[in-house]
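*Asks:* Before I ask anything, here is the structure I am working with.
No value in this document is a laboratory result; all are computed from the given coordinates. These numbers come from a predicted model, not from an experiment. Neighbour counts are summed over all protein chains in view; Cβ atoms, including those assigned to glycine, are modelled from backbone coordinates with ideal geometry.
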Amino acid sequence: MCLLRKISAFIIICCLLISTAIIESASYSTTTVFGHEYVDISQYAKSKNLQFSFNSRTGDVLLQSKWSKMVFKVDSRMASINGVVLWLSLPIAQKNNDVFISPIDIKTAVEPIILPPKASAFEKVNTICIDPGHGGKDPGNIEGNKYEKVYTLMLALELKNRFEKEGFKVVLTRTRDKFVDLNQRTRLANNSGAHLFISIHFNSSNTKSVKGIETYCMTPEDAGSTNSGTNNSEKSKMPGNRNDAKNMLLAYCIHKSLVKTLSSEDRGIKRARFAVLKDARIPALLVECGFMSSPEDMQKIIDVAWRKEIARGIADGVKDYKKQLAR
Ligand SMILES: [Zn+2]
């Protein structure tokens, strides 16, 4: 009896060890779909304890945890993560009854938000480098007699006030109407002791009805930028890629806060290898705070009260980012 009990205890322990090994190794594996490396979303959901559902009639794919809700669509790069639009590097793919997502998107778009990176022991987020786009001989977008460089500087100064009131230190890449080379802006940010880099711009489109907020972070290594389709992937790793996860988390926190604070049209979190993002050695983003070509947005951009609201939205986003890193 005693021996039997020992044997059964041994068997139970063995079973537990084997099942733990299976759970630990139950990470997602990749498969090739339409020439690209992809991950089965239902398998991924299982490995992360996420709820998964796929409606083959509408093409909607839902992934949900206690804190996050992600909605994807078959054949589309547009995703919604906790109500915020995010552009994936590759479209969601369907093969038979299974749906797939690119591993680059899992690593650099989904996980930084649902499983935020942790701040290292000595990491602080106290000093912010604000970069008012354009300046001097570079006016940026022009709408009638309105120059983008004027409004980026006014917003940057407003943002500086806001951050300082909240206890942050601020470094500006320019404080007056002066031309500053793009490389010099990043160099300044990298050498200033700042912990984050925020580049401020206003957008323009040939279509006057286009309006709203777009937030850009650095395109991950081996992926395509949002506005250039999916065929411009670059293998080379740039300094801006060392913070891929934090870049995305920062972009998500600021974009979400801005869209909510301003009730603006959400044009999404996008990726681009902009000069000011490529060489940033600290988490960085570029935010387009409205379209100068849209009469509706332009009316707001020239309003100081509106610019104060943009500043509040960005500052609240940074505070949320700090909170997420400490989660
Ligand atoms: Zn600009």
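*Asks:* Sort ASP181, ASP138 so that the residue with the fewest other Cβ atoms within 10 Å of its own Cβ comes first and the one with the most comes last. List each step's numbers first, then the result.
*Replies:* Numbers: ASP181 10, ASP138 14.
Placing the least packed residue first, the sequence is ASP181, ASP138.
*Asks:* Projected area of region 27-113, taken from the Cα convex hull and averaged over every viewing direction, in nm²?
*Replies:* Over all viewing directions, region 27-113 projects a mean Cα-hull area of 5.1 nm².
*Asks:* How much of the DSSP beta bridge set in region 27-113 is antiparallel, as a percent to the nearest 5?
*Replies:* On the way: 25 of 26 bridges.
Here the share of antiparallel DSSP bridges comes out near 95 percent.
*Asks:* Work out the length of the dipole vector of the chain about its Cα centre, built from +1 on the beta-carbon of each Lys and Arg and -1 on the beta-carbon of each Asp and Glu, and round it to the nearest 20 debye.
*Replies:* Working: 47 positive and 33 negative charges, 179 e Å.
Here the chain has a charge dipole of around 860 debye.
*Asks:* When averaged across all projection directions, what area in nm² does the alpha-carbon convex hull of the chain cover?
*Replies:* 21.4
*Asks:* Let me ask another. Taking the alpha-carbon centroid of each part, what is the distance from region 277-327 to region 95-128 in angstrom?
*Replies:* Taking the Cα centre of each part, region 277-327 and region 95-128 sit 21 Å apart.
*Asks:* What percent do you get for the relative contact order of the chain when only Cα pairs under 8 Å and 6+ apart count?
*Replies:* Relative contact order, the chain: 17 percent.
*Asks:* Still on this structure, I have one more. Hey, what number do you get for the chain at 222 nm if only DSSP H runs of n ≥ 4 count, each worth -39500 (n - 2.57), divided across all residues, to the nearest 500? All intermediate terms of the calculation are to be shown ahead of the outcome.
*Replies:* Numbers: 9 runs with 115 residues, N = 327.
Using -39500 (n - 2.57) per qualifying helix, the result is -11000 deg cm²/dmol.
*Asks:* Please compute the modelled spin-label separation between GLU166 and SER228, points set 7 Å along Cα→Cβ, answer in nm with one decimal.
*Replies:* Result: 3.2 nm between the two label points.
*Asks:* How large is the Kirkwood hydrodynamic radius of region 75-151, counting all unique pairs of alpha carbons, in Å?
*Replies:* Every distinct Cα pair counted, the radius reaches 16.8 Å.
*Asks:* Same structure, new question: Under Stokes-Einstein, with the Kirkwood radius over Cα pairs standing in for Rh, what whole-number D in µm²/s applies to region 200-327 at 4 °C and 1.567 mPa s? It would help to have the intermediate numbers written out before the result.
*Replies:* On the way: Rh = 15.1 Å.
Estimated via Stokes-Einstein, D reaches 86 µm²/s.
*Asks:* Antiparallel DSSP bridges in the chain: what percent, to the nearest 5? Walk me through the numbers before you get to the answer.
*Replies:* Values: 31 of 52 bridges.
Roughly 60 percent of the beta bridges in the chain run antiparallel, per DSSP.
*Asks:* What longest region of the chain stays clear of chymotrypsin sites (Phe, Trp or Tyr not before Pro) that DSSP places outside H, G, I, E and B and that have at most 14 other Cβ atoms within 10 Å?
*Replies:* On the way: sites that count: PHE34, TRP67, PHE122, PHE179.
Maximal segment without exposed cleavage sites: 180-327.
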